[in-house]
Structure formats: C-alpha cells, structure tokens
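Peer 1: The structure is given below, and queries will be raised subsequently.
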C-alpha cells in the first residue's frame, strides 16, 4: 500500500495505524469542529471528519489517500465533547459514572473526488466511580484532549470500565480493523 495521509494529530490514531502496519504520514489542518443542527450523532462525527479530510486535501494538492476521523461520546442523546478545564472533566466523568454511553468515530477516506465515509459505534459501561477516583484520574492524566474526558487505555479504563460492546480500538479513536479493510477496498489491494 502506498503511504496515506493521516489528517489527525492524535497520538492514539497514529499508534493504531503503526500497529496495523499501515504506512502513513501525519498532516493536520486546523478545522472548525462545529456542525449544522439536525444531524444524527454518527452524521456529526462523519461531518467533522470530512471537513478535516477536505482541509488537508486542499492544502496538500496531491493525489494521496487521506484518512480523517473524529470521535464523539453520546450519553442519553447528549453529545459530550472534550473538556475545557478540570471542573468540566470531573463533571463529565461524574455523569458517565455507572452509566452506559456510546463512543462514535466517524471516518472519511478520500482521494480526489472518491470517498468512503462510515461511522463505528461502541457501547461502553462504566462502574460507579467515586469522586476521589475521578479527581485522581483528571489530576494525573489531564484528559483535556479526549472526547468524554477519558482514554480507555489509561488508568480509568483499566479500573473503571465494566464492559465494552463493540470495537475496543474505536474507543481509542479509530476502528482500525475496519479502516484497514476499507483502505484495501479503496486502494484495490491488500495491506
């Protein structure tokens, strides 16, 4: 497979592509993560991912395959983004404590006018978490760049998650096995 462009600065997405041995380079363009009203959650994640892919495509002006993704967390039909500060991170985790929520990653693969777009959903159930556990996690791990204020591969995921229904790696930020399959179809070759 030719080297693709990962339109994301996420160290987790980078790590997942490395594990899958997909050759890539990182190129990120700042984009507006607002979205039009009325979109379903999977549509929101795809919309934001598409904007990232198009921004990189316009800047690079070449024919490389671009992979972009955006992850959102949904609790009781409410979209939870990245926390801005400590109090918001704590508040988000208090809301997630003992609850089931969805992690949705929208993925867009583009080359020229050709595009594949999909969303992958994973259901995550937290154990009841104490305020002390939540404060410890927020103060030590500072999850301000993470939708839902947590990373499943960190301490809170190890001790706080009761169950995961769906792709574990989707919760890390990229449903990598599906991405590899879609890249193979898109590219017309095996990885």
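The values are calculated or read from the model by the stated rules, or taken from the named source; none is laboratory data. Here the structure is a predicted model, which is why all the values come from computation and not from measurement. Counting neighbours? That spans all protein chains shown, and the Cβs are built from the backbone with ideal geometry, glycine included.
Peer 1: Within the range 81-94, count every residue that is more than 22 Å from residue 48 (Cα to Cα), without any contact (Cβ under 8 Å) to a residue 60 or more places away in the chain and surrounded by 18 or more Cβ atoms within 10 Å (Cβ to Cβ).
Peer 2: The number of residues fulfilling the criteria is 1.
Peer 1: Can you name every residue in the range 53-83 that is out of contact with any strand residue (DSSP E or B) (no Cβ under 9 Å at 6 or more places or on another chain) and under 16 Å from residue 172 (Cβ atoms)?
Peer 2: 82
Peer 1: Moving on. Search the range 169-181 for residues being touching a strand residue (DSSP E or B) at 6+ places or on another chain (Cβ under 8 Å) and buried (at least 17 other Cβ atoms within 10 Å of the Cβ), and hand back the single one that is modelled with the lowest pLDDT.
Peer 2: Of everything passing the filter in the range 169-181, 173 is modelled with the lowest pLDDT.
Peer 1: Residue 122 passes all but one of (1) in a strand (DSSP E or B); (2) over 22 Å from residue 48 (Cβ atoms); which number fails?
Peer 2: Every listed condition holds for residue 122 apart from (2).
Peer 1: In this structure, is residue 12 modelled with pLDDT of 95 or more and within 22 Å of residue 79 (Cα to Cα)?
Peer 2: No.
Peer 1: So how many residues does the range 95-122 have that are under 30 Å from residue 24 (Cα atoms), crowded, with 17+ Cβ neighbours inside 10 Å and over 17 Å from the mean Cα position of the chain (by Cα)?
Peer 2: 2
Peer 1: Filter the range 48-80 for residues that are part of a helix (DSSP H, G or I) and surrounded by fewer than 19 Cβ atoms within 10 Å (Cβ to Cβ); which is modelled with the highest pLDDT?
Peer 2: For the range 48-80, the residue satisfying everything is 54.
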